[in-house]
Amino acid sequence: MLAMTKAVLAAALVLAAAGPQAPAPDEPPTEPFRIADHLFYVGSSDIASYLITTGDGDILIDAGYADAETRLEANIAKAGVRLRDNKILLNTQAHVDHAGGFAALKRATGARLLASEADAVMLERGGHGDFSLGETGRFPPVTVDERVADEAHVRLGDADLTAHLTPGHTRGCTTWTWDAVDRGHTYRAIDLCGLTILPSTKVSGMPGYPNIANDYRHTFHVLRSFRPDLFLGAHLSYFGGAAKAAQQRAQPDGPNRFVDPAGFRRFVDAAERQFTDRLAREQP
């Protein structure tokens with residue numbers, strides 16, 4: 001059943017590029033890599049999970065599919081910490097490829113799960129009744145410990161993350177920003193929630209999400225107000241992460257390759273063009 005769910009979702013993602021690069025159709029494992037002093041990529045070859053380490057425990061953003069726990073634990077160990085040191089779990093979007101593993105991670109770590117109100121509803125339903133995916137994106141339901149509002153701060157140790165509601169891809173899609181220090185330099189980091197328009201989504205409105213067009217417009221307005229340095233996202237392919245990681249490994253003493261404000265602007269521009277074009281095609 002899980003394999004069938006992945007196949008259905010993968011097919012949808014292949015057909016729906018949301019910017020200069022389309023999300024990968026599957027989740028082969030990949031080696032974790034360092035992004036900044038206390039920031040690591042620990043996800044799969046495309047489905048992103050980020051580890052933020054602090055002296056008071058760790059924060060993990062996104063959990064991958066339901067079977068991702070073992071892979072995440074191995075990647076987190078390679079980053080030099082333990083899975084059970086995670087104290088806070090954060091979500092960008094309540095879809096099976098980003099939220100399927102939360103139930104297992106909560107059992108393994110005892111960490112608290114925080115999510116936006118709209119996506120918390122879907123997390124606790126296990127994806128049941130998703131406005132676009134219907135029942136094809138089901139995952140193990142999980143209890144959300146705290147609902148986070150727009151502009152809410154999540155703090156642990158010296159980490160201070162801000163939640164920004166950027167709905168459209170999901171009703172409660174959440175983009176996270178925070179300051180990340182790398183070799184004495186402080187960078188503004190962003191983990192961009194999805195902007196992909198799935199084939200089953202009607203951006204002009206649909207019964208389960210009649211105001212989706214206005215939400216997307218709001219999201220693009222919000223994103224254009226940001227001036228991030230480190231461009232990260234819910235999929236590695238959003239920001240060319242694999243190539244940047246390879247460059248970083250080849251020149252570890254060189255500039256931080258993940259600093260890419262122009263790439264962030266290009267990605268948002270491309271996604272907005274896709275939205276505008278899709279809306280025009282749907283309207284009579």
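Selection of segment 234-271 for residues being open to solvent by 40 Å² or more (accessible area, probe 1.4 Å), under 29 Å from residue 100 (Cα atoms) and under 18 Å from the mean Cα position of the chain (by Cα) yields only 242.
Applying a threshold of 6 Å to beta carbon distances and a minimum spacing of six or more residues, or different chains, the list of pairs starting in segment 132-152 at a residue that is within 18 Å of residue 65 (Cβ to Cβ) and ending at one that is in a strand (DSSP E or B) reads 137/130.
Residues are listed down the side, and each one gets a yes or a no for (1) within 13 Å of the chain's Cα centre (by Cα); (2) buried (at least 16 other Cβ atoms within 10 Å of the Cβ); (3) outside any helix (DSSP H, G or I):
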| residue | (1), (2), (3) |
| --- | --- |
| 60 | yes, yes, yes |
| 64 | yes, yes, yes |
| 80 | no, no, yes |
| 115 | yes, yes, yes |
| 119 | yes, yes, no |
| 143 | no, no, yes |
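Taking the numbered list (1) assigned to a strand (DSSP E or B); (2) touching a residue at least 40 places away in the same chain (Cβ under 8 Å) in turn, residue 186 passes all entries but (2). For segment 127-137, a residue qualifies if it is more than 18 Å from residue 113 (Cβ to Cβ) and of a type outside the set (Gly, Ala, Ser), and the qualifying residues are 130, 131, 133, 135, 136.
Every residue, every condition in (1) touching a residue at least 12 places away in the same chain (Cβ under 8 Å); (2) under 22 Å from residue 61 (Cα atoms); (3) open to solvent by 10 Å² or more (accessible area, probe 1.4 Å), yes or no:
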site: 200; (1), (2), (3): yes, no, yes
site: 211; (1), (2), (3): no, no, yes
site: 214; (1), (2), (3): no, no, yes
site: 218; (1), (2), (3): yes, no, yes
site: 232; (1), (2), (3): yes, yes, no
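The values are calculated or read from the model by the stated rules, or taken from the named source; none is laboratory data. All values reported here derive from a predicted model rather than from experimental measurement. Positions of Cβ are generated from backbone atoms using ideal geometry, with glycine treated the same way; all protein chains shown enter the neighbour counts. Accessible surface areas use protein heavy atoms only, side chains included; no ligands, DNA or RNA. Shrake-Rupley method; radii C 1.70, N 1.55, O 1.52, S 1.80 Å.
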